[in-house]
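The next block holds one structure in the form of structure tokens; read it before the comments.
The values are calculated or read from the model by the stated rules, or taken from the named source; none is laboratory data. Bear in mind that the values here come from a model prediction, so they are computed numbers and not experimental data. Cβ coordinates were reconstructed from backbone atoms using ideal geometry, including for glycine residues, and neighbour counts include every protein chain displayed.
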Amino acid sequence: MGFLEIQNVRFSYGQQRNIIDHVSWQIEKGEFHCLLGRSGCGKTTLLKLAAGLLQGEDGQIMINNKKVTKPSNEYGFVFQSPTLLEWKTAIENVLLPIKLKRKIKEQDQLEANNLLAQVGLAEHIHKFPSELSGGQQSRVAIARALIHKPIILFLDEPFAALDAITREELQHDLLQLCKEQETTVLFITHDISEAVFLADRIAVMDRGKIIFDTIINLERPRLEHTRYSVSFNTYSKKIRDVLGSKHI
Amino acid sequence: MNRHAGVSIGIFIVLLIIWELAAQRMSQLVLPSPMIILETLWLHLTSGYFLPHIGITISEVLLGLLLGGLFGLTAGIVMGESVFFRKVLTPYLIASQAVPKLALAPLFILWFGFGMTSKVVITALVCFFPILENTMTGLKYSNKQQLDLFRMLGANKWQILFQLKIPAGIPAIIAGFRVGVVLALVGAVVGEFIGGSEGLGAVIIASQGMMDTPLMFSSLILLTALGMMLYQTVNLIENKYFAKYIRRQR
Ligand SMILES: Nc1ncnc2c1ncn2[C@@H]1O[C@H](COP(=O)(O)OP(=O)(O)OP(=O)(O)O)[C@@H](O)[C@H]1O
Ligand SMILES: [Mg+2]
């Protein structure tokens, strides 16, 4: 039994039938999975179902052997847009998950500082979201998802608004943080090489179904030169072909 | 900014000159000249005649605002949050708004007497509605994503209300108060027109009786100044205590 079990789940938005069409998937504890697919194929919807933000019509979702019926602060979620509170500074936004649970301690402040430094925002911790660039806002959102040490992390294209170099740095940081905390991750992206670099396993979605999946058998830890290895390119090419073939 | 102030003052001076010229051609009873009005104003301010009236009017406005604001906020939150109360209370709310509230003033004087109470009630009633309405709309300002975020973080409905919906709605709520203060002044003055011998509204009625037009104009100037001060106070409070809530995402 996997740590995350998606069992035969179906979902419709009102009249739009079967946006998610009987999907099954499982992730073992500590694994990092990436979900790829064209825009509008249902990735965000599947992620919200897995996190309990939406309820499926058929099937069920299990996390850590418990049935998921509603969201829980044991899970971390990074939304497709940063979704910061405009009236809170960067650090206050990062501390929000704690604040909703209990009183903030000195320790939490330090933790938040560290996380923000790790995503390269050390100088911006007291700025308001309106004073941050789009990419900086996304990084605050990532720090916020990590502060309460979730057992599972759902990320919806968190790096989409970033430049290539920052993105690569954050990919490293994310892998490291998740390894330290043994976090299980489901990560959505449009970027094939990002998926191959990060994932233990990749699923490709199309029109509400998972049409392809593969294990990524690259060395761990993933390093800079991993990106330029032959097998990395073989995987990328394979997935590119799958993504392209359906629509030609 | 300075250029704007310059133009504003320029317009003011031109208006004064036109007024002065017009006043020279008319009886003082119809249109007293600015200088005479200023003299009257100064005279009554220094003699202490105006002070108690100003005090009364301000107290009525502030008490009415407090009462109307408190009820408006609470009702706005309740009706914004609960579909049940919104549906049940909306017809009553519309009915209460359809009644011209100032026309109720004589009734309130009958019920609450000629003292301050009746005027405070009228004032409260007049500023209640914009505050309620704006609070209700303000609570809808938080977007779907932010709500999902709070659900994801396991927030209960009180936390969602006090840490998301109300802060997100503060710009709208303050806009409600801005409208409320100006209306409150109208409410208080109309109340004073109808009953009682205290307050700037009562002074206006009295000066009409005495055919003392300069006194009437002086009271009007004081009322205008009062209204502008109240309006500015709301802006001041907004900038001092709520600045961060007014920031919006680019
Ligand atoms: N709230 C909603 N109500 C109705 N239909 C929706 C809603 N949200 C999404 N959809 C529809 O469901 C489908 C899948 O949407 P979803 O957001 O899951 O796509 P996605 O794979 O995340 O796309 P993208 O890569 O562009 O983010 C789309 O066709 C979309 O039109
Ligand atoms: Mg999406």
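Across the stretch A:33-63, the qualifying residues are those that are part of a helix (DSSP H, G or I) and among the polar types (S, T, N, Q), and the one among them that is farthest from ligand 2 (Cβ to nearest atom) is A:Thr45. Of the residues making up the stretch B:1-48, those that are more than 19 Å from B:Ile204 (Cα to Cα) and either touching a Ser or Thr at 6+ places or on another chain (Cβ under 6 Å) or of a type in the set (D, E, K, R) (or both) are B:Arg3, B:Glu20, B:Ala23, B:Arg25. Test B:Glu20 against the stated conditions and say whether it is over 21 Å from the mean Cα position of the chain (by Cα) and not assigned by TED's automatic domain parsing to the domain that holds B:Ile166. Yes; evaluated as a whole, the condition is true for this residue. Does the stretch A:96-116 contain any residue that is surrounded by fewer than 19 Cβ atoms within 10 Å (Cβ to Cβ), within 16 Å of ligand 2 (Cβ to nearest atom) and within 14 Å of another protein chain (Cβ to nearest Cβ)? No, the conditions are met nowhere in the stretch A:96-116. Looking at the structure I just gave you, is A:Phe79 outside the structural domain of A:Arg144 (by TED's automatic domain parsing), within 16 Å of ligand 2 (Cβ to nearest atom) and under 17 Å from A:Leu146 (Cβ atoms)? Judged against the criteria, A:Phe79 is a match. One residue alone among A:Ile61, A:Ile27, A:Ile19 is away from ligand 1 (no atom under 16 Å from the Cβ) and at negative phi, and that residue is A:Ile27.
Applying the criterion of being facing chain B (nearest Cβ under 8 Å) and either touching a strand residue (DSSP E or B) at 6+ places or on another chain (Cβ under 7 Å) or at pLDDT 95 or above (or both) to the residues of the stretch A:67-83, the residue that is nearest to ligand 1 (Cβ to nearest atom) is A:Phe79.
Of all the listed residues (A:Lys246, A:Lys237, A:Lys209), the sole one being modelled with pLDDT under 90 and either within 16 Å of ligand 2 (Cβ to nearest atom) or over 16 Å from the mean Cα position of the chain (by Cα) (or both) is A:Lys246.
Please work out if A:Pro158 is within 10 Å of chain B (Cβ to nearest Cβ) and either more than 23 Å from A:Ala195 (Cβ to Cβ) or crowded, with 20+ Cβ neighbours inside 10 Å (or both). Answer is no for this residue. State which residue is farthest from ligand 2 (Cβ to nearest atom) when the search covers only the stretch A:1-24 and only residues that are buried (at least 21 other Cβ atoms within 10 Å of the Cβ) and under 22 Å from A:Leu243 (Cα atoms). Per the criteria, the residue is A:Val23. Residues that are surrounded by 15 or more Cβ atoms within 10 Å (Cβ to Cβ), in contact with a Leu (Cβ under 8 Å, 6 or more places away or on another chain) and assigned to a strand (DSSP E or B) do not occur anywhere in the stretch A:234-242.
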